Structures are given as structure tokens and as C-alpha cells.
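Below: the structure, in C-alpha cells.
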Amino acid sequence: MISAGIDIGSKNIKVVILDGKKIIGSAIQTSGENQEKVVDETLALAVEDAKIDRSDIDRIAATGIGRKTFKNADYVITDVTAGGRGIFECNNSVRTGIEVGAEESKAIRVNQAGKVTDSAVNEKCAAGSGSFVESMARALGINVKLFAELALSSDATIPMNAQCAVFAESEVVSLIAQNTSQKDISKAVHDSIASRVSSMARRVKLEPKIAIFGGLAYNPGFVSAFKKNLEIEEIFIPEKPLFVDALGAALLAQEKTVED
Amino acid sequence: MIANYGYMDGSGEYYITIDTDKCVECEGKMCVTACPKALFERVTDDYDDDVVKIADSKVKDIRYQCMECKSPGHPVLPCIAACTPMALKHSW
């Protein structure tokens, strides 16, 4: 059976196409203003990547914040369930998955069967999300990749007292005015995000193995700060952290079909 | 599943926790009608269980939605009192 999982996120739209459990195609595009059009385009790109015809897809599952806007889905699945199923497929010894996306973070605990047993989401506070890193990098006038790497070269501990992304930005501006180095500011920002995500993650009973996925999994500054905050040595990062929810949705589309 | 609905911000953590393994056993789902702010909605979840969740439109301001019931003079929250399987908890 061929299935497609579409993750309609606030920043990116991701599509994974599976033939059985094998990934045969994938695509990602920025969400943009006309989300419906971008979803169709991203699906078409994934179909092209899979070298199949659109009509070859037996089932489509939609997930992500915009999941209800996609009218052609056979199944609509919450991002918690899709994320849990996806990360378990990436590594079946993972019991806790932490997803940090552009606008929200979530913690998902799964059992030995990959079923979600505990979850917490924070979609209100931007200070614990990927967009915060982008806005802080912008304040420093450097690109996000460099900003993330700079944090690794600093040993400084500068507490950021602001509890809100908006106020934190003015705190960063003050640090710039005090001639604080870019690497120390970067570390302070990443420590601050890690602290927020960790306290949300602790709402679920953190059980190893712990995995990080979503956009911030690509950020070495955040991963290092997060590990330090949770006092863990090892953390699993899937090969394609942005596609975990789409993968989970595609798998669940097949599994639900079998149930039906 | 232990589902935490809500958020944390600079002022604290505001989560309503629903133990869906207990919730699924309850036929009446009386919390849905007990809440004066209509915070709860009855849904079939991704595992095809008939459970209650916090409405998406209200997740981001549950602190303010619950304020009236948490004010002095309301010793027991109506949702907690109505939840016979004791599946509900508030974090604040």
C-alpha cells in the first residue's frame, strides 16, 4: 500500500510518501500565505520524487497545526499521535520524544508499541520555539546556522531574565550594547530556550531513550544546552528531524486502513 | 494517555491534565456540561476512543477561562466535581 503523510506546520509543509514502511518520496516547502496551494505543490513534488502517479496513493493522512484545512485527507491525525508514531519508527527504543518546531514545542512519551501514553504541548510561548532563535539571530545580524554554532564556543553563563520572547529581544539588544560577545549571547539564548523546553518536557515522565526532532534538532547550540539542562549524555536525533510527524501520519494512514 | 492541555508562560504553568484511560470509561462525560466556559469537548481521539479534550480555541487561555471558578467561594471546581472517574487535574 502507498500512503502519504502531510504535516502542515506553521512554517513548513512536509510530505512523506511510503510504500509499505519504505520511504519512496518526500518534499518540503515553506507554508506561505496560500497554504492550500502549497500543500498541493508539496504533495506533487513528493509524488515526483517517488516516481509514482498521484492516483497511486491509496491513503492520505494530514497532521500539523493546519491539518483541518486539507480537504482531501482520508485521516486527520493530531501532531502528538503522528509525532509519537514517527519517532518510534525512527528508533523503537525511544520512549520520550521532544519536538521543537517553529511555533510550538511538545513532549510525547510512547510505550513499547509506539502508542502515546503521555503528552504536553506548549504552543503559546514563543520563547520555547524555533522562531525565537531566528529573531535573536536577526537581532545580532548573523545567520541562524552561525548563531547556533557560536553557542558551542562559549563557556559563559548569562541568565536571561525575560520570560517572554519580546522582552528577551530587548535583553539581547542590551547585551549587544554592553559589548557582550556574540558567542556568549548565543549561548545565553540557547540556554534560555533549553530551560523552557525542559520544564515543559518534565510534565511528562521523561523516560530514556530521549529523542529530539523538529527544526531545532538541527541546532547544535540548542541540543547541547538541552542535554546539559536535562543532565543526559545521550540523545537521539533522527536523520530527517523535520519529517517525523509526516512519517508518523503516513504510517498511521496505513495502520488505520488495516484496522478498518 | 495522560494528556496535558494548556501552556506555560512567564507567569507560570497552566495545564489541565486528562487521563484518557479513565475518561474513556465514563459514559456521561458530565464535565462537558458542567464547565460554564464550555472548555471541554467530547471527541473520538486518534486511537478511536471516546474521550474529552480541551477545545483548541480555548487551550491558550485556560488560565483566564478558569478564573471565575477558581475565585473565592468556589471550593470545588465544577469540572472536577462532575468527573466521576477522577480523570481530571488542574496544575494551578
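The values are calculated or read from the model by the stated rules, or taken from the named source; none is laboratory data. It should be emphasised that the depicted structure is a prediction, and the values quoted were computed from it without experimental measurement. So basically every Cβ, Gly included, is an ideal-geometry build from the backbone, and we count neighbours across all protein chains shown. Side chains included, ligands, DNA and RNA excluded: accessible areas come from the protein's heavy atoms. Shrake-Rupley method; radii C 1.70, N 1.55, O 1.52, S 1.80 Å.
Annotations
- Verdict on residue A:234 being more than 22 Å from residue A:119 (Cα to Cα) and either open to solvent by less than 60 Å² (accessible area, probe 1.4 Å) or assigned to a loop (DSSP other than H, G, I, E, B) (or both): no
- One residue from B:69, B:79 being more than 22 Å from residue A:123 (Cβ to Cβ), in contact with a helix residue (DSSP H, G or I) (Cβ under 8 Å, 6 or more places away or on another chain) and either assigned to a helix (DSSP H, G or I) or aliphatic (A, V, I, L, M) (or both): B:69
- Given (1) at pLDDT below 95; (2) under 21 Å from the mean Cα position of the chain (by Cα); (3) in the same structural domain as residue A:245 (by TED's automatic domain parsing), number of the condition residue A:84 does not satisfy: (1)
- Of B:47, B:15, all but one fail to be open to solvent by less than 20 Å² (accessible area, probe 1.4 Å) and under 28 Å from residue A:63 (Cα atoms); the exception is B:15.
- Some residue of segment A:201-220 being within 14 Å of chain B (Cβ to nearest Cβ), charged (D, E, K, R) and open to solvent by less than 10 Å² (accessible area, probe 1.4 Å): no
- Residue in segment B:57-76 that is modelled with pLDDT under 95, within 14 Å of chain A (Cβ to nearest Cβ) and either open to solvent by less than 30 Å² (accessible area, probe 1.4 Å) or within 19 Å of residue A:118 (Cα to Cα) (or both) present: yes
- Pairs are defined by a Cβ separation below 9 Å, a sequence spacing of at least 6 or placement on different chains, a first member in segment A:7-22 that is in the same structural domain as residue A:255 (by TED's automatic domain parsing), and a second member that is assigned to a loop (DSSP other than H, G, I, E, B) and among the β-branched types (Val, Ile, Thr); the pairs so defined are A:8/A:65; A:9/A:65; A:10/A:65; A:17/A:52; A:17/A:57; A:19/A:52.
- Condition broken by residue B:23, with the remaining ones in (1) surrounded by fewer than 18 Cβ atoms within 10 Å (Cβ to Cβ); (2) in contact with a helix residue (DSSP H, G or I) (Cβ under 9 Å, 6 or more places away or on another chain); (3) in contact (Cβ under 8 Å) with a residue 12 or more places away in the chain satisfied: (1)
- Test result for residue B:13, without any contact (Cβ under 8 Å) to a residue 12 or more places away in the chain and acidic (Asp, Glu): no
- For segment A:198-220, the count of residues that are in contact with a helix residue (DSSP H, G or I) (Cβ under 8 Å, 6 or more places away or on another chain), without any contact (Cβ under 8 Å) to a residue 40 or more places away in the chain and within 13 Å of residue A:107 (Cβ to Cβ) is at least one.
- Filter pass, residue A:144 being in contact with a helix residue (DSSP H, G or I) (Cβ under 8 Å, 6 or more places away or on another chain) and not assigned by TED's automatic domain parsing to the domain that holds residue A:228: no
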